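Asks: Got a structure for you, questions after.
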Amino acid sequence: MGGAWHPLRIRTDWLRETGIPHLKEIAERENRLVPDLCPRIRLYITDQPLPNDKRVAGEGDLDQVHRDLSELEE
């Protein structure tokens, strides 16, 4: 049986502010452990930064992608 959450096309701010808190609420309500986080990321590197409000994790210039990965590592 799988024990991880594999969200798709996520924004890191949404994950931090909404996704993970909601997941913790569900786990607590169901008397279960919070599952491991294993986000699915489609890497798309651009020459220029993409608007942060329009992109998902793994998209943008190298600095943006690096920040995404650092945030997800936390």
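Asks: Rounded to the nearest 0.05, what FRET efficiency do Glu73 and Thr46 have when you use their Cβ-Cβ distance and R0 = 25 Å?
Replies: Efficiency, rounded to the nearest 0.05: 0.70.
Asks: Sticking with this one: Starting from the amide H of Glu59, placed 1.01 Å from N in the peptide plane, find each other amide H under 5 Å away whose residue is 5 or more places distant or on another chain.
Replies: When sequence neighbours closer than 5 places are left aside, the close amide H contacts are Tyr44.
Asks: Just from its helices, what would the mean residue ellipticity at 222 nm be for the chain, if runs of 4 or more DSSP H residues each count -39500 (n - 2.57) and the sum is divided by every residue, rounded to the nearest 500 deg cm²/dmol?
Replies: -9000 deg cm²/dmol
Asks: With θ taken as phi - 60° and the coefficients 6.51, -1.76 and 1.60, list the Karplus ³J(HN,Hα) couplings across region 25-41 in order, rounded to whole Hz; mark glycine and proline as x.
Replies: 4, 4, 4, 5, 4, 8, 6, 10, 6, 5, x, 4, 9, 9, x, 9, 10
Asks: So how do 57-69, 9-21, 38-50 stack up, highest first, on mean other-Cβ count within 10 Å?
Replies: 57-69, 9-21, 38-50
Asks: At q = 0.16, 0.22, 0.25 Å⁻¹, what is the base-10 log of I(q)/I(0) for the chain according to the Debye formula with one equal point scatterer per Cα and no solvent? Please give it to two decimals.
Replies: -0.60, -0.96, -1.14
Taken together, the values in this text are just the output of simple stated rules run on the coordinates, not laboratory data. Only a predicted model underlies this, so the values are computations on that prediction, with no experimental measurement involved. Neighbour counts run over all protein chains shown; Cβ positions are idealised from the backbone, glycine included.
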